[in-house]
Amino acid sequence: MSSVPQQRLLRTEIPGPRSLELQARKSAAVASGVGTTLPVYIERAGGGILVDVDGNQLIDFGSGIAVTSVGASAPRVVDAVRQQVGDFTHTCFMVTPYEEYLAVCETLNELTPGDHEKRTALFNSGAEAVENAIKIARHATGRSAVIAFDHAYHGRTNLTMALTAKSMPYKHGFGPFAGEVYRMPMAYPYRWPTGPENCAEEAFAAFVEQAHAQVGESNVAAVIVEPIQGEGGFIAPAPGFLRMVADWCREHGIVFIADEIQSGFCRTGDWFAISHEGVVPDLITTAKGIAGGLPLSAVTGRAELMDAVHGGGLGGTYGGNPVACAAALAAIETMRAEDLAGAAKRIESIMVPRLQALAAKHDVIGDVRGRGAMIAIELVQGNGSKTPNPALAAAISAACHADGLVTLTAGTFGNVLRFLPPLVIGEALLNEGLDIIEGIVGRLA
């Protein structure tokens, strides 16, 4: 149980005077390219509440972008980190290894989909995990081409920017990007031209045609996909689409990579979102929710693929840091002990009906979608138009912030509000956050 009082409390305007002072220091000290969604400076957090330096207590519907799923100060994580820091903070696993790294790898080999023999390698960030998954696929297959999808987001490094679909702010002015990356259509039910009922089959047919014509199956090392697209707007591909793509990959000896960096670790009501589709990936990348807020990521996959890379070909100075590994083991223990996959389903059962009822009242909400505690609404112009409405999404989010609710926007068109509450959030806070959203949408729509 968090020691942070689980109630919203506004003592000042948002942001308050102390936060504004700190934001002025940021402007003078931090590169302007490092943006801030809400310039409220946090000094404590736990459960579903963030406490800022002015004493305001904000409801958290962001979880640090799906990172603090177990809460920002989960007791098991705090205790494990304190213990590990007291023992040692670093040796570099590639120099003198330690058991914590092994335990995380063994746990991921057990948790990830499929009963085949697996191996895991640990890294620092989601982008680093994606980079290494591509390295592994290329090395194992002897091929170079990689297929990604419209609306995808895979990171901010050179290769992962090439995989990412959205230009601004992620790619603009940073090219040229890594080569041999090809983009295919995503089965986006809400925006599929002939309707959601045709989406999976038609999107897969277009995928197969374009992959054959533009790349050639024998040249493709990997297909990488988010089972629910994150920055692209929480797009859940039409049912059946991922199964068809995975089967096509297997037919042609192509590595199927599930990027679960945002959707993993109970976030969607299962350990991993790909399980909702009944698909077993060859490789799976994880990060964000893995370690209760500490930087850690992983690639887990079929032993024959992971072991194809020569000794020394994978690794990094900080990858699998012992403190982060201790945090991950404690976070996963928390997920198991508190049934956070079940908690995500309960969050969905509260959020989705209320958001659907709100959409029925206001036609500027074009779509309500997502799974578990990974839910979004897409804002449009209304009156039958699906034209994206990024201005309304930004206005609603800003109003939520002013009322003490942390929300995030997303989407290729910037018109999606995404909700990522901690899986440990209380039902009263969850409903209070939804009350705020309903009031603001009613006022602004």
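Only the coordinates and a few stated rules stand behind these numbers; no lab work does. As the structure is a prediction and not an experimental result, all values here were calculated from the model. All Cβ positions, glycine included, derive from the backbone under ideal geometry; neighbour counts span all protein chains shown.
Side notes on the structure shown:
- The reciprocal of the average 1/r between distinct C-alpha atoms defines the Kirkwood hydrodynamic radius, which for region 305-445 equals 17.3 Å.
- Segments 292-300, 11-19, 234-242, 315-323 sorted - mean Cβ within 10 Å per residue, highest first: 292-300, 234-242, 315-323, 11-19
- Couplings 3J(HN,Hα) for region 35-48, derived from phi with the Karplus relation 6.51 cos²θ - 1.76 cosθ + 1.60 (θ = phi - 60°), are x, 9, 5, 9, x, 10, 8, 9, 10, 8, 7, x, x, x Hz, where x marks Gly and Pro.
- Equivalent ellipsoid dimensions for the chain as semi-axes, Å, which come from the Cα gyration tensor, largest first: 33, 29, 20
- In the chain, a dipole from Cβ-located charges (positive for Lys and Arg, negative for Asp and Glu) runs towards its positive end, and of GLY142, SER19, GLY366 it is SER19 whose Cα lies farthest in that direction.
- A Cβ-based charge dipole, computed about the Cα centre of the chain with Lys and Arg at +1 and Asp and Glu at -1, lands at about 920 debye.
- Considering helices alone, the calculated mean residue ellipticity of the chain at 222 nm is -11500 deg cm²/dmol, with DSSP H runs of length four and up weighted by -39500 (n - 2.57) and normalised per residue.
- ³J(HN,Hα) computed for each position of region 408-422 - Karplus, 6.51 cos²θ - 1.76 cosθ + 1.60, integer Hz, glycine/proline x: 10, 9, 6, x, 3, 9, x, 10, 10, 9, 10, 10, 10, x, x
- Calculated diffusion of region 156-277, Stokes-Einstein form, Kirkwood radius summed over Cα pairs, 37 °C and 0.692 mPa s, µm²/s: 214
- Highest average packing first - 185-195, 269-279, 77-87, Cβ atoms within 10 Å: 269-279, 185-195, 77-87
- Amide H contacts under 5 Å for ALA72, placed H, 5+ residues apart: GLY46, GLY47
- Proximal lysine pairs, the chain, alpha carbons under 23 Å, eight or more residues apart or interchain: 10
- Karplus (6.51, -1.76, 1.60) ³J(HN,Hα), θ = phi - 60°, over region 213-226, in Hz, Gly and Pro reported as x: 6, 8, 10, x, 4, 6, 9, 8, 7, 8, 10, 10, 8, 8
- Across region 348-399, counting alpha-carbon atoms alone, Rg and Dmax equal 11.0, 29 Å.
- Linear extension gain, ALA213 paired with ARG44, 0.36 nm per residue minus alpha-carbon span: 55.4 nm
- Stretchable slack from GLU438 to ALA206, in nm (0.36 nm times residue separation minus alpha-carbon distance): 79.7 nm
- Mean-position separation - Cα centroids, region 14-40 and region 266-316, in angstrom: 34
- Entry for region 77-337 at q = 0.10, 0.13 Å⁻¹: log10 I(q)/I(0) = -0.48, -0.81, Debye formula applied to identical alpha-carbon scatterers, no solvent contribution.
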